[in-house]
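Working notes, beginning with the structure itself.
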Amino acid sequence: MIRRAYADGPYGQIHYRRAGPEGARSPLLLLHSCPGSGYLFEAFMEEMGRDRTVIAPDLPGFGASDAPPAAPGIAGYAGAILDLEAALGLGVFDIMGYHAGGVVAVEMARQQPAAVRKIVMIGAAMLPADERADISKRFVALGPDERAPGIGNNWPIFKTEFWKMGPDLVRTWNIYLEAQKNPEVSSWGIRAVVNYDLAAGLSAIAQPVLVLNPADDLAEYTPRAATVLKNGRVHNLPDWTHGMLDAKTAEVAAIVRGFLG
């Protein structure tokens with residue numbers, strides 16, 4: 001069973017989902033892509049929660065978590081989630097991050113290496129400096145009136161060309177809507193990712209890292225992580241893409257369990 005709760009954080013309250021027994025294995029923290037929320041992981045939480053504590057917070061400003069007063073960058077997101085884990089008394093834990101969540105995981109390991117045991121990344125935004133600068137310019141905050149027309153127009157593209165493995169149309173719709181919340185701050189997550197030097201971050205950590213590379217919008221960039229990993233590898237998943245956590249829940253869990261041990 002997934003339970004929901006709030007904890008105090010540096011920017012206000014942080015909303016999180018929690019499942020699984022305590023003490024059996026290292027707790028697993030799940031960090032969502034941006035924009036989005038921990039709702040992304042609900043099916044995966046049910047599976048992984050069979051034998052360990054699993055926690056999926058909404059990053060500050062996303063889902064039901066309070067927003068920071070200004071864009072915190074990856075370092076700020078990482079610090080807020082480290083504060084959450086300390087408040088929950090998890091001790092040493094593992095992290096699995098989806099796209100932006102994986103970048104936050106790397107920074108968490110850099111900030112507090114003794115707290116993070118292993119990392120699983122779904123995709124790696126290994127963008128060179130010139131590409132990061134170009135992408136950053138394209139993401140700006142939009143108010144509700146500016147965002148609203150695109151919600152209906154972009155939905156057919158999202159369900160058929162982006163979230164292609166989603167087996168449940170209603171759940172795919174809800175994932176899509178989660179990414180539309182808080183439009184004034186939702187661009188902060190993507191801007192934080194493209195402004196972060198992931199190559200330097202990965203080079204600075206010694207934790208074991210498994211990078212999953214499905215055929216998604218980061219597939220061309222993710223293999224570059226292999227050149228900077230000190231203690232890890234890239235695992236290609238060419239037949240899977242967005243929606244795999246729902247369509248291939250048990251299969252993804254088997255890969256993750258095999259890595260976490």
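The values are calculated or read from the model by the stated rules, or taken from the named source; none is laboratory data. Bear in mind the structure is a predicted one, so any value in this text is a computation, not a measurement. Cβ atoms come from the backbone with ideal geometry, glycine included; neighbour counts cover every protein chain shown.
Is there a residue in the stretch 117-124 that is among the small types (Gly, Ala, Ser) and either outside any loop (DSSP other than H, G, I, E, B) or in contact (Cβ under 8 Å) with a residue 40 or more places away in the chain (or both)? Among the residues of the stretch 117-124, at least one is among the small types (Gly, Ala, Ser) and either outside any loop (DSSP other than H, G, I, E, B) or in contact (Cβ under 8 Å) with a residue 40 or more places away in the chain (or both), which makes the answer yes.
Select from the stretch 19-42 the residues that are over 26 Å from SER187 (Cα atoms) and either surrounded by 23 or more Cβ atoms within 10 Å (Cβ to Cβ) or not hydroxyl-bearing (Ser, Thr, Tyr) (or both) and list them in ascending order.
Taking the stretch 19-42 as the starting set, the residues that turn out to be over 26 Å from SER187 (Cα atoms) are 19-28.
Across the stretch 19-42, the qualifying residues are ALA19, GLY20, PRO21, GLU22, GLY23, ALA24, ARG25, PRO27, LEU28.
Each row is one residue, and each column tells you yes or no for (1) farther than 18 Å from LEU31 by Cα; (2) over 17 Å from the mean Cα position of the chain (by Cα); (3) among the hydrophobic types (A, V, I, L, M, F, W, C).
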residue	(1), (2), (3)
ASP168	yes, yes, no
ASN195	yes, no, no
PRO214	no, no, no
ALA226	yes, yes, yes
HIS242	no, no, no
ALA247	yes, yes, yes
VAL252	no, no, yes
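Of the residues making up the stretch 57-90, those that are within 16 Å of ALA115 (Cα to Cα), among the hydrophobic types (A, V, I, L, M, F, W, C) and in contact with a strand residue (DSSP E or B) (Cβ under 8 Å, 6 or more places away or on another chain) are ALA80, ILE81, LEU84, ALA87, LEU88, LEU90. Close contacts from the stretch 163-189, counting a first residue that is on the phi > 0 side of the Ramachandran plot and a second that is modelled with pLDDT of 95 or more and assigned to a loop (DSSP other than H, G, I, E, B), with Cβ to Cβ under 7 Å and a gap of 6+ residues or different chains, come to ASN182/GLY61; ASN182/PHE62; ASN182/ALA67. Scanning the stretch 166-178 for residues that are of a type in the set (A, V, I, L, M, F, W, C) and surrounded by 18 or more Cβ atoms within 10 Å (Cβ to Cβ) turns up just one, ILE175.
In this structure, does LEU84 turn out to be assigned to a loop (DSSP other than H, G, I, E, B) and either touching a residue at least 60 places away in the same chain (Cβ under 8 Å) or among the hydrophobic types (A, V, I, L, M, F, W, C) (or both)? Before the answer, list the steps.
Details: assigned to a loop (DSSP other than H, G, I, E, B): no; either touching a residue at least 60 places away in the same chain (Cβ under 8 Å) or among the hydrophobic types (A, V, I, L, M, F, W, C) (or both): yes.
The answer is no for LEU84.
Counting only helices (runs of 4 or more DSSP H) that fall entirely inside the stretch 184-261 and contain at least 2 residues that are surrounded by 18 or more Cβ atoms within 10 Å (Cβ to Cβ), touching a helix residue (DSSP H, G or I) at 6+ places or on another chain (Cβ under 6 Å) and modelled with pLDDT under 95, the qualifying elements are 187-194. You will find that of ILE95, ILE175, the residue that is in contact with a helix residue (DSSP H, G or I) (Cβ under 8 Å, 6 or more places away or on another chain), within 30 Å of PRO223 (Cβ to Cβ), β-branched (Val, Ile, Thr) and in a strand (DSSP E or B) is ILE95 and no other.
Matching residues to (1) among the acidic types (Asp, Glu); (2) touching a residue at least 60 places away in the same chain (Cβ under 8 Å):
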{"site": "ALA5", "(1), (2)": "no, no"}
{"site": "TYR16", "(1), (2)": "no, yes"}
{"site": "PRO21", "(1), (2)": "no, no"}
{"site": "GLU42", "(1), (2)": "yes, no"}
{"site": "MET45", "(1), (2)": "no, no"}
